[in-house]
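Note sheet for the following structure.
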Amino acid sequence: MFRSLHMKLVLIMLLLITSLMTVVGAFMMTSITSFYIDEFYQQVESVFGDSNPVNGAFVNDLRREAAQSGGLQVLQQMVETKAGDLGLNSNTRNYYILDGRTGAFLAGSDGESAFNSLPTTQNLLTARASIANGDSEVGDHSDVTANYMDVAIPITGGENAYIIYIYDNRDTVNSLNGQLFLIIVQALLVGLLISLLLSFLLSKTMIIPIERLTEGADRVAAGDFGKVIEVESSDEIGVLTTTFNDMAAVLRDTLEEVENERSKLDTLFLHMTDGVISFASDGSILTSNPAASQMLGREVSFYDYDALFGKELPFQQVMSLQRPDFVSRELTVGVRILELYLAPVSDGKDGGAMAVMHDITAQRKNEEMRKEFVANVSHELRTPLTNVRSYAETIRTTPDIPREMEEGFLDVIISEADRMTHIVQDLLTLSRLDSGRAEIKMARFPLLDAIDSVCRAVELEAQRRGHTLLRQYGGALPMIEGDRDRLEQVMMNVVGNAIKYTPDGGTIAVDAGMRGRKVWITVSDNGIGIPQQDRERIFDRFYRVDKARSRESGGTGLGLSIAREIVMRHHGAIALAPHEGPGTTIRISLPIRQREEARHD
């Protein structure tokens, strides 16, 4: 019943009138009571108060007569002369003259029996205590909550002591309050009737436009935007009606735009080359495009998530992800290789999930062709052969070479032959790196010896080209943990590139040092350098800056990529370093000690 706005407005009006009349009535009744009490004490104060010289003389006269023999009758006569000023009457307000020490009734406007029926009040006790202490304190304490009003005035004269006691039973104020309450109730009933009628009129004035707005909202919800609600006023409801009409028009235009965009998305969805499937929260398929069915080789609308991808990843695990997280898997469907991405549509459990598939078959074939090319061109990495030839020619062209030097050259030739074998094996390892089967043999070795070994191996080639090979690592270097052969292969590749791509008569500088828990090696040259547009791709596999020059030098575009793979397996880094002037600087950074997992690779 009270859910209706009409009834709510009526109820509010009734409660408002009732509350207002209640507050006003309580305030008026309290004000009348306070006024009557204040009037009572002002009347007593006007007769017995000491502030007025006349009143003070009246009290002194009372005291003087109280000291005389037979003063009781005089006191009674004097009080009765002030009956009008005190407002005395036989029904509600009376006076009593009492014995000041015993409190016994002596005389009064009402009988002794009437006095004995009165309570012993605090004011009466105060006056008696005052006489007992030889004082003249008046008992005039006011208690709003009591059903009476009283004042006790002590009068002492000589050996005599009296108490003039004024007592009012408050029947007058109670009668006034009762009449006022009746008037308030009558006014309340009339006010409720008037407010009821006004509330009905007011509620109808407000509710009719709201009902029209409700009907309009129902039509809009049903998709009918044709009818416009008439605006019949310029108040807040009229403004609301105008705003509603504007909102309906904007909503109509927005829905039309959304429908157009949806048509475009549907067209794109149907003709896109990537497969897309959306799933409901229970794993059933909501939508899919033809590319998805083509990639999976079956009509996906006949299946659910578990039948399509349940073996790859449980559906609940996909739904437990939080956006923008996603998971990816690789699927093999016949001759196709698919890259699958799974992600939830929303963070809630009722939002469903989305699957996107990319056909990477061609990409995988290209990668396989490149891996095969690595195996086929490994014999073209001729840097070790060049060193072997240089030392062998030296031995042949120098008949009187010392035996000790000849044996050293032969050791270098054997070492370079072994190094060439290692390079071929590393090319095969590069293929195994992609499949996760690479072998890295970790052991501690002196880094200084490894760098010296590389520099000795390329020294003759550098001299043959007229280069100056500078060894700037004068300080002591620590023992490091790693695969020495592979790290020497990295350094050989970098130094060999510096020698090959620096014009004859150039300078190649090899430097090394230690910082914190890492060691670093830099190889700098003043050669042709690397163009800015090629610097980001210099470590990519098969990438060559100058293909013709690289081919003449025996390069295949694999050297730096092999070096990067080896360094990364040692949890290090290799990159181009800033270089002033012509040439290139490559910096290699390696940890002194490998992490625990690297020792078991």
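The values are calculated or read from the model by the stated rules, or taken from the named source; none is laboratory data. The shown structure was predicted, so the numbers you read here are calculated from the model rather than taken from an experiment. Note: ideal-geometry Cβ built from the backbone for every residue, glycine included; neighbour counts use all protein chains shown. Accessible surface areas use protein heavy atoms only, side chains included; no ligands, DNA or RNA. Shrake-Rupley method; radii C 1.70, N 1.55, O 1.52, S 1.80 Å.
A compact table of results
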item: Positions within the range 77-92 being surrounded by fewer than 18 Cβ atoms within 10 Å (Cβ to Cβ) and in a helix (DSSP H, G or I), in sequence order; result: GLN77, MET78, GLU80, THR81, ALA83, GLY84, ASP85
item: Whichever residue in the range 479-519 is assigned to a loop (DSSP other than H, G, I, E, B) and open to solvent by 30 Å² or more (accessible area, probe 1.4 Å) and, among such residues, is farthest from ILE562 (Cα to Cα); result: GLY505
item: Close pairs from the range 58-76: first small (Gly, Ala, Ser), partner assigned to a helix (DSSP H, G or I), Cβ under 8 Å, at least 6 apart; result: ALA66/LEU75; GLY71/GLU65
item: Test: residue in the range 241-261 that is touching a Leu at 6+ places or on another chain (Cβ under 8 Å) and in contact (Cβ under 8 Å) with a residue 12 or more places away in the chain; result: yes
item: Evaluation of PHE225 against (1) touching a Lys or Arg at 6+ places or on another chain (Cβ under 7 Å); (2) closer than 28 Å to LEU20 by Cβ (one fails), failing number; result: (2)
item: Residue count for the range 121-145, restricted to those that are of a type in the set (Gly, Ala, Ser), open to solvent by less than 20 Å² (accessible area, probe 1.4 Å) and in a loop (DSSP other than H, G, I, E, B); result: 0
item: Residue satisfying all of: in the range 562-596; part of a helix (DSSP H, G or I) and of a type outside the set (Val, Ile, Thr); modelled with the lowest pLDDT among these; result: GLU596
item: Within the range 284-348, strands (runs of 3 or more DSSP E) holding 3 or more residues that are touching a residue at least 24 places away in the same chain (Cβ under 8 Å) and open to solvent by less than 20 Å² (accessible area, probe 1.4 Å); result: 336-344
item: Counted residues, the range 157-208 - those being in a helix (DSSP H, G or I) and of a type in the set (Lys, Arg); result: 1
item: Test result for ILE164, on the phi < 0 side of the Ramachandran plot, buried (at least 20 other Cβ atoms within 10 Å of the Cβ), in contact (Cβ under 8 Å) with a residue 24 or more places away in the chain and in contact with a Lys or Arg (Cβ under 8 Å, 6 or more places away or on another chain); result: no
item: Yes/no for LEU9 being under 60 Å from the mean Cα position of the chain (by Cα) and modelled with pLDDT of 80 or more; result: no
item: Hits in the range 405-444 (condition: open to solvent by less than 80 Å² (accessible area, probe 1.4 Å), modelled with pLDDT under 80 and either in contact with a strand residue (DSSP E or B) (Cβ under 9 Å, 6 or more places away or on another chain) or not in a helix (DSSP H, G or I) (or both)); result: GLY436, ALA438, ILE440
item: Test: residue in the range 208-218 that is at pLDDT 75 or above, in contact with a Gly (Cβ under 6 Å, 6 or more places away or on another chain) and of a type outside the set (Phe, Trp, Tyr); result: no
item: Residue match in the range 234-248 (condition: open to solvent by less than 100 Å² (accessible area, probe 1.4 Å), closer than 30 Å to GLU339 by Cα, at pLDDT 75 or above and not polar (S, T, N, Q)); result: no
item: Within the range 329-365, tally of residues that are more than 18 Å from THR287 (Cβ to Cβ) and modelled with pLDDT under 75; result: 3
item: Filter result for the condition that a residue is touching a Pro at 6+ places or on another chain (Cβ under 9 Å) and at pLDDT 80 or above, over GLY100, GLY134; result: GLY100
item: Pair list, Cβ under 7 Å, 6 or more apart: the range 389-409 residue aliphatic (A, V, I, L, M), other residue part of a helix (DSSP H, G or I) and open to solvent by less than 50 Å² (accessible area, probe 1.4 Å); result: ALA392/ILE413; ILE395/GLU406; ILE395/PHE409; ILE401/ILE395
item: Among the candidates TYR95, TYR41, TYR36, residue that is under 24 Å from ASP110 (Cα atoms), outside any helix (DSSP H, G or I) and open to solvent by less than 80 Å² (accessible area, probe 1.4 Å); result: TYR95
item: Members of the range 450-472 found to be open to solvent by less than 20 Å² (accessible area, probe 1.4 Å) and outside any helix (DSSP H, G or I), listed by number; result: HIS467
item: Members of the range 218-276 that are of a type outside the set (A, V, I, L, M, F, W, C) and within 22 Å of LEU286 (Cα to Cα); result: GLU259, ASN260, GLU261, ARG262, SER263, LYS264, ASP266, THR267, HIS271, THR273, ASP274, GLY275
item: Residue in the range 45-67 that is open to solvent by 60 Å² or more (accessible area, probe 1.4 Å) and under 22 Å from THR172 (Cβ atoms) present; result: yes
item: Qualifying residue in the range 105-120 (condition: farther than 24 Å from ILE37 by Cα and either assigned to a helix (DSSP H, G or I) or open to solvent by 70 Å² or more (accessible area, probe 1.4 Å) (or both)); result: yes
